[in-house]
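The values are calculated or read from the model by the stated rules, or taken from the named source; none is laboratory data. Treat the numbers as computed from the prediction; the structure is a model and nothing was measured. Because the Cβ atoms are built from the backbone with ideal geometry, glycine has one as well, and the counts that use them run over all protein chains shown.
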Amino acid sequence: MKKSLGRAYLLFALSLFGLFGLHMIYLGKPLKGVFFLLATWAGLWALTQVLILPSPSIPLVIGLALPKLYQNFVLTIPSPSLSLMSGLLALPVLGVWWCVDLLTLPRQTRKANEKSERTPR
């Protein structure tokens, strides 16, 4: 079946701007799509650990030079673990990959169409 560039971009946009990898699965690259999905969820999990869920492991007092109102603000960072670090490292990789996919989606669609034409039915 011939792949549509418009449909590939639509899946790219609808899947949280490409983060879930639906466009990769559509273009016949299911392993890349699943990797995209897993890396996205690992990154989102790591962000919730750092930004949303409080942890008493490493308190940092912020605002010593700020007015008295802000001097008692405490930011807590969870103790680093392998899963947390890998999740946080996945985010910049996904960001770069997202930009590359955005720019190379026409070529990827063309290659997927050429591959489907070569394979016997």
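Quick one: what pairs do we get from segment 102-120, first residue at negative phi and assigned to a helix (DSSP H, G or I), second surrounded by fewer than 10 Cβ atoms within 10 Å (Cβ to Cβ) and not charged (D, E, K, R), C-beta under 7 Å, 6+ apart or different chains?
Listed pairs, sorted by first residue: 116/1.
Of everything in segment 10-24 that's in contact with a helix residue (DSSP H, G or I) (Cβ under 6 Å, 6 or more places away or on another chain) and either closer than 15 Å to residue 111 by Cβ or touching a residue at least 24 places away in the same chain (Cβ under 8 Å) (or both), which residue is surrounded by the most Cβ atoms within 10 Å (Cβ to Cβ)?
Out of the qualifying residues, it is 23.
Out of all the residues in segment 30-40, is one or more modelled with pLDDT of 80 or more, farther than 23 Å from residue 119 by Cβ, in contact with a Phe, Trp or Tyr (Cβ under 9 Å, 6 or more places away or on another chain) and not aliphatic (A, V, I, L, M)?
yes
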